[in-house]
Structures are given as structure tokens and as C-alpha cells.
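The values are calculated or read from the model by the stated rules, or taken from the named source; none is laboratory data. The structure displayed is predicted, hence computed values, not measured ones. Cβ coordinates were reconstructed from backbone atoms using ideal geometry, including for glycine residues, and neighbour counts include every protein chain displayed.
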């Protein structure tokens with residue numbers, strides 16, 4: 001088999017090579033915070049309408065995203081954009097959950113909800129309760 005005169009292609013992997021470097025072992029990138037931020041941030045964004053998961057997942061997504069982004073800025077991690085994306089999606093999920101919590105008292109204290117509660121309270125059977133639900137739905141939409 002004839003040998004090729006071309007050198008092998010350079011390694012284009014984003015991770016630095018493992019093993020000893022010129023000044024000792026090369027540390028592995030610390031990408032865990034950025035990955036966690038992205039997973040938590042996307043989860044917070046998808047689940048914001050359930051309020052509690054939007055807040056519970058959004059806060060750590062922002063914190064982990066900022067820590068991961070700082071690590072990337074110092075060269076300790078290689079996923080700075082991922083960490084920043086996680087922080088932003090976590091913040092958006094958090095803000096949407098907070099807006100939902102802020103709007104809830106206004107909705108729950110509205111005349112439509114009060115009338116619906118009174119209708120359900122006065123309904124004697126499932127047919128009347130169904131009529132209450134239909135009237136409430138028609139009033140909202």
C-alpha cells in the first residue's frame with residue numbers, strides 16, 4: 001500500500017487534548033454548569049404556566065448560567081454560549097411565571113369567576129354544573 005504524502009488532518013475537537021502538556025496536565029473543561037443551565041432554563045420556559053416549576057427551575061438556571069458563562073470567559077469551560085442561553089431561557093421562564101402569579105388575583109377576583117362559583121354552588125346536578133361551565137367559557141372567550 002503506498003504511503004500518502006499528506007499529513008493527517010488536524011484535530012478540530014473543541015476539547016483540549018488530554019494528557020501532559022508543556023507545563024503539566026491539561027485540565028478538562030468544566031462544562032457542567034452551562035449544560036445544567038440550559039436544561040433547567042428550557043424546562044422553566046416550557047413549564048412556566050405551572051408557576052412553581054417555572055420559578056423553581058428558572059432561578060437555578062440563571063445562577064448556573066452566569067457561573068458557567070464566567071467559567072467560559074476565564075477559559076475554564078468551552079460552552080459559554082450554552083450557559084448564557086440557559087441563563088436567558090431561565091430568566092424568561094421566571095419572568096413569565098411571575099407575570100402569571102401577578103395576574104392571577106385579578107383574574108380570580110373578577111366578576112366572571114364570582115358568578116361561576118355562585119352558579120356551581122347553586123347547581124343541583126351535573127347537567128346544571130355543565131351549563132355553568134359552558135356559560136363561564138362563553139364569557140371568557
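For the stretch 122-135, how many residues meet the condition of being part of a helix (DSSP H, G or I) and over 39 Å from the mean Cα position of the chain (by Cα)?
4
Which residues, taken from the stretch 64-88, are without any contact (Cβ under 8 Å) to a residue 12 or more places away in the chain and part of a helix (DSSP H, G or I)?
70, 73, 81
Restricting attention to the stretch 1-18, and to residues there that are within 21 Å of residue 71 (Cα to Cα) and exposed (fewer than 10 other Cβ atoms within 10 Å of the Cβ), which single residue is modelled with the lowest pLDDT?
Per the criteria, the residue is 17.
Could you give every pair whose Cβ atoms fall below 6 Å, whose first residue belongs to the stretch 104-124 and is more than 12 Å from residue 135 (Cα to Cα), and whose second residue is modelled with pLDDT of 90 or more, counting only separations of at least 6 or pairs across chains?
Partner pairs satisfying both residue conditions: 123/129; 123/132.
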